[in-house]
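What follows is a short report on a single structure.
The values are calculated or read from the model by the stated rules, or taken from the named source; none is laboratory data. From a predicted model like this one, the values you see are computed outputs, not experimental measurements. Please note: Cβ atoms are built from the backbone with ideal geometry, for glycine as well, and neighbour counts cover all protein chains shown.
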Amino acid sequence: MCRLFGMSSAPDRVHATFWLLDAEDSLVAQSHREPDGTGLGYFTANALPRVDKRAIAAFEDRSFAREARDVESETFVAHIRFATTGGLIAANTHPFEQEGRLLAHNGVIGDLAKLEARLGDTAASSRATRTLSASSRLSARRSPTMMATSLRASKQRPAGLPGSSRCSR
């Protein structure tokens, strides 16, 4: 099962080293059980979203460890993947960046055509954008089958992300 980590420390910029690397059940420790991908998203000092992800386990990813130690931000979104569907590629690892937001979801977005019909004119034009936008709208409707989070660098500061049980893209 995938794991998501989210943290907001606004207005302070902090390191997330403890939760990502040092805690007894840190994401690095959990990645021994969820080895199919690692992603870290955060906002730079200039409030620009940054996403780094790879299709390898966090415990094997030196760049993940370096970023977990060095990055300072008000907002972090991290993901470790246990693939249930989709290939072992970085594109299937979270988080994602869209229009200045960091997004992550747990679950499968199936029957995209049916979902778009339900969403109507608000459905986006490209497949990648549609998938992420659909995740955000589903979250807003409190879908029981999917957890999605959209974080924006603004004066509205979100709370942290809870973990969830299953993920794929």
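Before moving on, here are some points about what is shown:
- Tally, over the stretch 42-51, of residues that are basic (Lys, Arg) and either crowded, with 19+ Cβ neighbours inside 10 Å or under 19 Å from HIS32 (Cα atoms) (or both): 0
Per-residue answers, yes or no, for (1) modelled with pLDDT of 50 or more; (2) out of contact with any helix residue (DSSP H, G or I) (no Cβ under 6 Å at 6 or more places or on another chain):
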| residue | (1), (2) |
| --- | --- |
| PHE76 | yes, yes |
| ILE89 | yes, yes |
| ARG127 | no, yes |
| SER133 | no, yes |
| GLN156 | no, yes |
| ARG169 | no, no |
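- Residue count for the stretch 100-113 under the criterion of being closer than 20 Å to THR44 by Cα and either buried (at least 24 other Cβ atoms within 10 Å of the Cβ) or modelled with pLDDT of 95 or more (or both): the result is 3.
- In the stretch 73-99, the residues that are acidic (Asp, Glu) and surrounded by 14 or more Cβ atoms within 10 Å (Cβ to Cβ): GLU74, GLU97
- Screening the candidates ARG54, ARG66 for the property of being surrounded by fewer than 18 Cβ atoms within 10 Å (Cβ to Cβ), at pLDDT 90 or above and in contact with a Phe, Trp or Tyr (Cβ under 8 Å, 6 or more places away or on another chain) yields one hit, ARG54.
- Taking the stretch 48-57 as the range and being over 23 Å from ARG101 (Cα atoms) and either outside any loop (DSSP other than H, G, I, E, B) or touching a residue at least 24 places away in the same chain (Cβ under 8 Å) (or both) as the test, only ALA57 passes.
- Pairing each residue of the stretch 1-14 that is under 14 Å from GLY39 (Cβ atoms) with any residue that is surrounded by 15 or more Cβ atoms within 10 Å (Cβ to Cβ) and β-branched (Val, Ile, Thr), provided the two are 6+ apart or on different chains, yields C-beta distances under 7 Å for CYS2/ILE80; ARG3/ILE80; GLY6/VAL77; GLY6/THR149.
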